[in-house]
Amino acid sequence: MEKIVLKVNGMTCGHCAGKVEKALKSLQGVEVAKVDLKKETAKVKYDESIQTIDGLNEAVREAGYESESTHKRWLI
Ligand SMILES: [Cu+2]
């Protein structure tokens, strides 16, 4: 399992954060997705043998927002 932090741009309210979180959680291989609206980040725990960072960013884009990897990892 890989735990990465995405920087998410374009979120303005809790509804946006919910959309991004739902988009990430709906992906194959994603176990945890936690969006922080104030920090504009999404913490994602995913199985790197099933899912890729590009796949995560693509899902965020499809939900109407932009994201990129910060190359930071996070701890539970
Ligand atoms: Cu919103």
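Every number here is computed from the coordinates shown, using simple stated rules; none is lab data. Small disclaimer: the values here were computed from a predicted structure and weren't measured. Note: ideal-geometry Cβ built from the backbone for every residue, glycine included; neighbour counts use all protein chains shown.
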Chymotrypsin sites (Phe, Trp or Tyr not before Pro) restricted to the stretch 42-76 and DSSP loop, no more than 15 other C-beta within 10 Å: W74
DSSP-loop trypsin sites (Lys or Arg not before Pro) across the chain, with at most 16 other Cβ within 10 angstrom: K38, K39
Theoretical ellipticity at 222 nm over the chain - DSSP helices of four or more residues, -39500 (n - 2.57) apiece, nearest 500: -9000 deg cm²/dmol
Check: the stretch 36-76 dipole with +1 on Lys, Arg Cβ and -1 on Asp, Glu Cβ, in debye: 320
Sorted by Cβ neighbour density within 10 Å, fewest at the top, the residues E58, E48: E48, E58
Cβ-placed point charges (K, R +1; D, E -1), dipole of the chain about Cα centre in debye, nearest 20: 380
Helix axis angle, 14-25 relative to the chain longest principal axis, alpha carbon, degrees: 20
